[in-house]
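Undergrad: So that we are looking at the same thing, I have put the structure below in structure tokens.
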Amino acid sequence: SFIGEESVAAGEGSILTDNPTWIIDPIDGTTNFVHRFPFVAVSIGFVVNKKIEFGIVYSCIEDKMYTARKGKGAFCNGQKLQVSGQEDITKSLLVTELGSNRDPETVKIILANMERLLSIPIHG
């Protein structure tokens, strides 16, 4: 099976089943792309029994290929990635994205979540 982000965004329905399924977003970061903001990627995932088996993200502008496989780790251009090990939240950087849904109820939830996040004593 195939699920394409662009077709779902266009209103086509999609149901994730237990069948082996490719999930593809050919322009992950469409809003960035439209505004020429250079964080755009091609994202591909493969799911079996509704569980991700592996994923590939190609950051086109940076020419970086991120890959990950369940139980095998994650890599960037073949180099193993790992978390920083930072345990002190005051030295952490919080990155978030607000999404594109401007429904008043959704915006209210997003802003409430942002307020909770901004009350954490993060570094930035």
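The values are calculated or read from the model by the stated rules, or taken from the named source; none is laboratory data. Keep in mind that this is a model prediction, so the values were computed, not measured. Don't worry about glycine lacking a Cβ; one is built from the backbone with ideal geometry, like all the others, and counts go over all protein chains shown. Ligands, DNA and RNA are excluded from the accessible area calculation, which covers all protein heavy atoms including side chains. Shrake-Rupley method; radii C 1.70, N 1.55, O 1.52, S 1.80 Å.
Undergrad: Please report, to two decimal places, log10 I(q)/I(0) for segment 77-124 at q = 0.13, 0.30, 0.31 Å⁻¹ as given by the Debye formula with identical point scatterers on the Cα atoms and no solvent.
TA: Once normalised to I(0) and log-transformed, intensities are -0.48, -1.10, -1.14.
Undergrad: Suppose we flag GluC sites (Glu not before Pro) only when DSSP calls them loop and at most 16 other Cβ atoms lie within 10 Å. Which is the longest uninterrupted stretch of the chain? Kindly include the intermediate steps, with their values, before the conclusion.
TA: Details: sites that count: GLU12, GLU62, GLU87, GLU97.
My reading of the result: 13-61 is the longest stretch.
Undergrad: While we're looking at this one, here's another question. Quick one: among ASP18, ASP88, ASP63, which has the greatest mean-square fluctuation in a GNM of the chain with alpha-carbon springs under 10 angstrom?
TA: Sorting by GNM fluctuation, first place goes to ASP88.
Undergrad: For segment 1-115, give the magnitude of the charge dipole about the Cα centre (Cβ charges: +1 Lys/Arg, -1 Asp/Glu; no others), in debye to the nearest 20. Walk me through the numbers on the way to the answer.
TA: Details: 11 positive and 15 negative charges, 85 e Å.
For this selection, approximately 400 debye.
Undergrad: Sticking with this one: Assuming a ≥ b ≥ c are the square roots of the Cα gyration tensor eigenvalues, decide whether segment 1-61 counts as rounded (a/c under 1.5), prolate (otherwise, with a/b larger than b/c) or oblate.
TA: Details: a/c = 4.06, a/b = 1.63, b/c = 2.49.
Oblate shape, in that a/c is at least 1.5 and b/c is the bigger or equal ratio.
Undergrad: Please name which of VAL42, ILE52, GLY71 has its Cα lying farthest along the dipole of segment 1-78 towards the positive end, using unit charges on Cβ (Lys, Arg +1; Asp, Glu -1) and the Cα centre as origin.
TA: Going by the Cα projections, it comes out as GLY71.
Undergrad: Add -39500 (n - 2.57) for each DSSP H run of 4 or more in the chain, then divide by its residues: what number comes out at 222 nm, to the nearest 500 deg cm²/dmol?
TA: Details: 3 runs with 25 residues, N = 124.
Mean residue ellipticity at 222 nm (helix-derived): -5500 deg cm²/dmol.
Undergrad: Continuing with this model, one more query. Scan around ILE61 for amide H atoms under 5 Å from its own, H built in the peptide plane at 1.01 Å from N, and keep only partners 5 or more places away or cross-chain.
TA: VAL40
Undergrad: Roughly how many whole Å is it from the C-alpha centroid of segment 76-124 to that of segment 47-67?
TA: About 21 Å separates the Cα centre of segment 76-124 from the one of segment 47-67.
Undergrad: Output wanted: per-residue J couplings in Hz (rounded whole) for segment 77-82, from phi through Karplus 6.51 cos²θ - 1.76 cosθ + 1.60, θ = phi - 60°, x for Gly and Pro.
TA: For segment 77-82, the Karplus-derived couplings read 6, x, 8, 4, 9, 8 Hz, x marking Gly and Pro.
Undergrad: Which order do MET65, MET114 take by accessible area at a 1.4 Å probe, largest first? Please list the in-between numbers first.
TA: Working: MET65 75, MET114 40 Å².
The ranking, largest first, comes out as MET65, MET114.
Undergrad: Expressed as a rounded percentage, what relative contact order does segment 2-103 have, with Cα pairs under 8 Å and six or more residues apart? Could you put the intermediate results ahead of the total?
TA: Values: 148 pairs, mean separation 15.6, N = 102.
Reported as a whole number, the value is 15 percent.
Undergrad: Among GLY29, GLY45, GLY99, which one moves the most in a GNM of the chain with springs linking Cα atoms closer than 10 Å?
TA: Most flexible of the set in this elastic network: GLY99.
Undergrad: In the full protein assembly as shown, how much of HIS35 is accessible to a 1.4 Å probe, in Å² to the nearest 10?
TA: Near enough 140 Å² of accessible area.
Undergrad: Pull out a ≥ b ≥ c, the square roots of the eigenvalues of the alpha-carbon gyration tensor of the chain, then state rounded if a/c is under 1.5, prolate if not and a/b is larger than b/c, and oblate in the remaining case. Please report the intermediate quantities before stating the final value.
TA: Details: a/c = 1.59, a/b = 1.17, b/c = 1.36.
Oblate shape, in that a/c is at least 1.5 and b/c is the bigger or equal ratio.
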